[in-house]
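The values are calculated or read from the model by the stated rules, or taken from the named source; none is laboratory data. Keep in mind it's a predicted model, so treat the numbers as computed, not measured. Positions of Cβ are generated from backbone atoms using ideal geometry, with glycine treated the same way; all protein chains shown enter the neighbour counts. Note: areas computed on protein heavy atoms with side chains; ligands, DNA, RNA excluded. Shrake-Rupley method; radii C 1.70, N 1.55, O 1.52, S 1.80 Å.
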Amino acid sequence: FQAACNPPAYGIMADYFHPKIRTRATSIYSLGIYLGGALSSITGLMIGGVGWRTSFLIIGCIGVGAGVVGFVVIKEPKRGFFEAKKVDETMKVVEKPPPLTQFVNACKEIFRNPVCRWVCIAGSFRFWGGYAIGYYLPTYF
C-alpha cells in the first residue's frame, strides 16, 4: 500500500510547498514511518490491557478517522504552480536514446554529485542492516 501511495504523496507535496521548504515537508512526511514503528510498542501495551480485538478496533477507527480528515482537508492543488515557466521558441522533435542509455546516463549524473553518492551508500547500509534485523531477529524470540 505504501508503494502505491508514496508517488502521489510526493507529487502533491511538490505542488503544495515552495521549493525552499519542500525538503522540510518531505522529511516530516518520511518521519511517519519511524513514528509509526515507535508507536507500535504502545499497541503491545494496549493488547495487554484491553485485548487484541479492542486494540485493533481502536487503531482501525483512528486510521479511518485520519483518512476521512485527509480526504476532506487535502485538496488537489494546481499542478506545476511552483515550477519555473519556460518559453521554448523552437519546438524541435528530439529523438530519445534507448532506455539502457538513458539509465546509464542517469546513473552517471547521480553519482557525479558526491552528496548523492553518499546518500545512496548510507541508504544501502541502512536498509541492509534493517533487513538483516528483520530477517534474523525472530529466530531469537
Self-check item: Distance cut-off 23 Å, percentage of C-alpha pairs in region 1-138 lying past it
Solution: 62 percent
Quiz item: In nm², what is the average projected area of the convex hull enclosing the Cα atoms of region 12-87?
Solution: 6.4 nm²
Self-check item: Spacing of the two label points (7 Å from each Cα toward its C-beta) at Ile33 and Arg53, in nm
Solution: 3.5 nm
Exercise. Considering only lysines 8 or more places apart in sequence, or on different chains, count the pairs in the chain whose C-alpha atoms sit under 30 Å apart.
Key: 16
Practice problem: Apply the Kirkwood formula to region 22-66: the hydrodynamic radius equals the inverse of the mean of 1/r over all pairs of different alpha-carbon atoms; give it in Å with one decimal. | Solution: 11.8 Å
Quiz item: Calculated FRET efficiency, Val73 and His18, Cβ-Cβ r, R0 30 Å, to nearest 0.05?
Solution: 0.95
Self-check item: Cα-based helix-to-principal-axis angle, 114-136 vs the chain, degrees rounded to 10
Solution: 30 degrees
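Run the accessible area of the chain with a 1.4 Å probe and give the carbon-and-sulfur part as a rounded percent. Show your work: numbers first, answer last.
Working: 8910 of 12370 Å².
It is 72 percent, rounded to a whole number.
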Quiz prompt | Candidates Tyr16, Tyr131, Tyr34, ranked by Gaussian network fluctuation over the chain, Cα under 10 Å, top entry | solution = Tyr131
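Would you kindly calculate the translational diffusion coefficient of region 94-141, applying Stokes-Einstein with the Kirkwood radius from alpha carbon pairs, for 37 °C and a viscosity of 0.692 mPa s, and quote it in µm² s⁻¹ without decimals? List each step's numbers first, then the result.
Numbers: Rh = 13.4 Å.
In µm²/s, the coefficient is 245.
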Self-check item: Estimated 222 nm signal from helices in the chain, with DSSP H stretches of n ≥ 4 weighted -39500 (n - 2.57), rounded to 500
Solution: -26000 deg cm²/dmol
Practice problem: Pick out, from Ile62, Val73, Ala4, the residue whose Cα sits farthest towards the positive end of the charge dipole of the chain, with +1 on the Cβ of Lys and Arg and -1 on the Cβ of Asp and Glu. | Solution: Val73
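Given Cα pairs under 8 Å that are at least 6 residues apart, what percent is the relative contact order of the chain? Let's see the in-between values first.
Numbers: 26 pairs, mean separation 34.5, N = 141.
For the chain, the relative contact order is 24 percent.
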